[in-house]
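The values are calculated or read from the model by the stated rules, or taken from the named source; none is laboratory data. Quick caveat: nothing in here was measured; it's all calculated off a predicted structure. Backbone-built Cβ (ideal geometry, glycine too); neighbour counts: all protein chains shown.
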Amino acid sequence: MQKEPKHSACEKQQARALGQSPWWHNTIVQGLCACCQRHSHPNELTMDHIVPLAWGGRSTKGHMVLCCPMCTKKYWKPAELLLQHFRERDPR
Ligand SMILES: [Zn+2]
């Protein structure tokens with residue numbers, strides 16, 4: 001399988017644009033980490049892709065989450081943690 005460097009570059013640009021959108025501004029003022037559900041100072045939170053761009057993730061509203069520095073360090077990717085949340089909520 002061939003890599004698509006263009007995809008990544010394009011999505012990064014989109015992520016940057018999204019970071020300046022009113023939607024993102026609203027999200028960040030709430031200061032809620034999507035991983036641990038704790039409040040942090042907006043300045044400390046970072047925008048993370050639920051699915052990494054290298055995996056074909058997209059830079060759209062539904063695919064971006066806010067992560068506190070602790071979670072960013074702790075978990076490799078938010079997708080991992082969100083999946084865990086879904087499993088806990090809906091155990092099979
Ligand atoms: Zn967190």
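State all residues of region 42-61 that are part of a loop (DSSP other than H, G, I, E, B) and within 12 Å of the ligand (Cβ to nearest atom); if no residue qualifies, say none. Walk me through how you get there before you give the answer.
Quick first cut of region 42-61, residues part of a loop (DSSP other than H, G, I, E, B) only: 45, 50-52, 56-60.
Selection gives LEU45 alone.
Somewhere in region 19-35, is a residue on the phi > 0 side of the Ramachandran plot and at pLDDT 90 or above?
Looking for residues that are on the phi > 0 side of the Ramachandran plot and at pLDDT 90 or above, one finds at least one in region 19-35, hence yes.
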